[in-house]
Each structure stands twice: as structure tokens, then as C-alpha cells.
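To start, the structure under review is shown below, and the notes come after it.
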Amino acid sequence: MKTLCRIIPVLLACLFLGGCGQSSPERLVKKELESIKKLDQETIENFISYEDITKNQTLQTDVGEESVEAVKLFFQNFSYKIKSSKTEDDSAYVSVEITNLDAKALAKDLCLTLLTRSLDPGSSEDYPLSINDYFSVLGTLLKEKTYDTVTTDAHFELVHLENGWSIQSSENLEDELVGGLITYLNDPFLLTPEENARAVLDMMKGFTADDWSAYLDLNDIFATGSEYYQEVDQSLASQIASCFDYTIVSAETDENGTDATVDVTVTSLDLSSVLDSFREKLVEYASTTESLRDSYTEQTNQTALYLKEALDENQASADFSTTITFHNDGSSWEMMFADDFSSILLGGSTQAISEFSSGTTS
């Protein structure tokens, strides 16, 4: 399961530093850093590197109001302090302390948000997202969450040209100016397997019945062949939505750091209990003269209605153990559910249906 974290670095922090004409390296650095603190519309647009964007043909290069607002929020608490300055002939070096929000914490939240949004069956977004869409995610996080400030270092290299000093722009400097955000977003191990698992399972806890129906592709899941199959599927999805929960039991990564497992206890409806109730309803129906008079179609429809009734009346849940496996290919953690995960979500359907077919009870 791939995250979209590696796409984000082309969206931020690509400053077009290189102003000339200042009488000293330190004054030029201060001028550029002050422009970050002031952040007008033109300055913000210069934070987006169209050169990098055009190298990634999957992105649409729109820069709207949401993009501008997100950048303003990112730098709203930005401050700096010149630590040292050194000049050697036509070269100079200026070291600066940068104080801004915790870029690592923000990077984690960005990756987790994009991960869950990309997997959410209720999302109407088309992928790949546009630049403004990514900035919208960033802006939402910055408005809804408060991040601690941290102090990091930035190192400016300058050369003296005919018309004055010029800052040498580099990917390293761009990264330093945003507190290492680009490095964090490019780190395939930024999120732990447990954090990935928890984000996805938390998303599932918020699923509606319609979300579960879409996620599990419910389409006459019990093969009733009845005109009421959609109502049966909806009742099943509603049961899953009301019962689903999870507990992470343990997480373990191998010595190479590239493969991991997360053991989870998943709570869902107890389908065995539902089918026990359904069997009782069928036995009672079979003992009536109505069942003898009903046509095949009427019997099929009545059977489906009894199943829906058993689902709607159910209050029993059950816990199931499962293991989620992860592999990191140097890009991100790929998340793989066990083969029986769908059966678990359906309340232990494999065992429950087997017991029902054989006539045994749970």
C-alpha cells in the first residue's frame, strides 16, 4: 500500500534565492529571510518550484488561494538569528538559526492524512491530486492542529559577483529553510508500521454502513437471489459499522528493518450468532402452512427477510486475531492484510457459514 508522501516535496520550500547588490553577505541573508517573514503573494508563489513540478508529469500545476494560505500558515511563526558569518575572498558563509514549527511532526501528519484519504471509499477525490489539493491538506492540518516550534540550523553559501553578493541556492538550503520537511517527507521510514496500521484502522472505525458496503463490495453477499438482497447487504454493513473496533496487540520489525508484522485483535459482529437466530426463524417458518403455499420466489424473499431480521436484531460481537504484514521497498511501507481479513470483517463468515451449512451451532 503506497503512500503519497514522496510527491509532496515538490510543493514546498523551493526558494529562488539569489538576490544581488547587498554590501555584505550577512545583509543579503537577512534581506531574504525577512522576505519569508513578510510573505506577500509574489513571494509565496516563488516558494513553488515549477522546474521541479514539470519533472513530475502526474501533477497539475495550479496555485490557488488555498496554496497561498497554506504557505502563510506554515511560516506564520518563522523567525531567525544570525549565528556567524565568514568571508574568504569572493566566497562567504553565513550560519543561521531557524525557528519554525516542528517539520517532522507535520510531515507525519501529512503522510498519514494522505494515506487514509487515498484509501477512503467515501472520498470523491481523483488521483493524482493537483498541487492546490495537496496544499489544501497542508492548510487544513495547520488550521486544525498546533505544532511545537523547534530550532534548526541553515547554512548559506554566497559568492561575490560584479553587482554584489549572491546566495547559492541548493536543495540542502531549501530543506534547511523548512526545518528538514523535504528530508522527512522523503524518508521511507518516517512512519512506523504500527502508525500506518493505526491510521488505516482508525479510518475504518469511522466508516459508515455505505463506506463498508463500498469497501467490501457487498452485492448479494449471502447469495440469497432475492429481491431484498440490497436490504440484507445494508443490514450487514450497518452491523459492521456499529461493531467494528480494534486493538493493536504487538508490532515487530525484522533485523533488516524492511519487513514487519502488526498483530491486531479486530472486533466485528458475531455472524455465527446471527445465523443461529436465522436458523431458528427458518425452522419456525418451515413448520407453517404458509411455507407450503408460498411459491419459490416467495420462499426466497421470505428467507432473505428473515436473514435481514436476524441481522437487525443482533447485538453480539466477537473478537478475531489477525496479523498485518509490511514490507518497505525503500519508498514506503506496503501494508498487506491477511487472507482472512475480509472474513473477519464479515464477522467470521468463513467459519460461521460452514457451521450453518453443516447444521452445527456456535
Residues in the range 222-237 that are crowded, with 17+ Cβ neighbours inside 10 Å and free of Cβ contacts under 8 Å to residues at least 40 places away in the same chain total 3
In the set 38, 55, 72, 2, the lone residue that is more than 31 Å from the chain's Cα centre (by Cα) and modelled with pLDDT under 90 is 38
With respect to the numbered conditions (1) in contact with a helix residue (DSSP H, G or I) (Cβ under 9 Å, 6 or more places away or on another chain); (2) in a helix (DSSP H, G or I), which one is the sole condition not fulfilled by residue 188?
-> (2)
Residue 297 fails exactly one of the following numbered conditions: (1) under 32 Å from the mean Cα position of the chain (by Cα); (2) open to solvent by 60 Å² or more (accessible area, probe 1.4 Å). What is the number of that condition?
-> (1)
Would you please list the contacts, defined by Cβ atoms under 9 Å and residues six or more apart or on different chains, that run from a residue in the range 174-191 that is closer than 26 Å to residue 94 by Cβ and in contact (Cβ under 8 Å) with a residue 40 or more places away in the chain to a residue that is in a helix (DSSP H, G or I) and among the hydroxyl-bearing types (Ser, Thr, Tyr)?
-> 175/183
Across (1) open to solvent by 70 Å² or more (accessible area, probe 1.4 Å); (2) in a strand (DSSP E or B), residue 183 clears everything bar (2)
Verdict on residue 132 being farther than 30 Å from residue 209 by Cβ and open to solvent by 40 Å² or more (accessible area, probe 1.4 Å) | no
Evaluate the range 336-344: report whether one residue or more is within 24 Å of residue 112 (Cα to Cα) and part of a strand (DSSP E or B).
-> yes
Checking residue 317 against (1) touching a Leu at 6+ places or on another chain (Cβ under 7 Å); (2) open to solvent by less than 40 Å² (accessible area, probe 1.4 Å), which single condition isn't satisfied?
-> (2)
Taking the range 21-33 and keeping only residues that are at pLDDT below 90, closer than 24 Å to residue 77 by Cα and open to solvent by 60 Å² or more (accessible area, probe 1.4 Å), one is left with 31
Can you name every residue in the range 252-281 that is farther than 17 Å from residue 190 by Cα and without any contact (Cβ under 8 Å) to a residue 12 or more places away in the chain?
-> 255, 280
Just wondering, is there one or more residues in the range 325-343 that are surrounded by fewer than 17 Cβ atoms within 10 Å (Cβ to Cβ) and touching a Leu at 6+ places or on another chain (Cβ under 8 Å)?
-> yes
Sort out which residues of the range 143-180 are in contact with a strand residue (DSSP E or B) (Cβ under 8 Å, 6 or more places away or on another chain), of a type outside the set (S, T, N, Q) and not in a strand (DSSP E or B), and write them in order of number.
-> 147, 148, 173, 176, 177, 178, 179, 180
Over the range 307-328, the set of residues in contact (Cβ under 8 Å) with a residue 60 or more places away in the chain and out of contact with any strand residue (DSSP E or B) (no Cβ under 7 Å at 6 or more places or on another chain) is 307, 308, 311, 312, 328
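Please go through the range 344-354 and give me each residue that is of a type outside the set (Val, Ile, Thr) and buried (at least 18 other Cβ atoms within 10 Å of the Cβ), ordered by number.
345, 346, 347, 348, 349, 352
The values are calculated or read from the model by the stated rules, or taken from the named source; none is laboratory data. Just so it is clear, the model here is predicted, and its values are computed rather than measured. Please note: Cβ atoms are built from the backbone with ideal geometry, for glycine as well, and neighbour counts cover all protein chains shown. All accessible areas refer to the heavy atoms of the entire protein, side chains included, with ligands and DNA or RNA removed. Shrake-Rupley method; radii C 1.70, N 1.55, O 1.52, S 1.80 Å.
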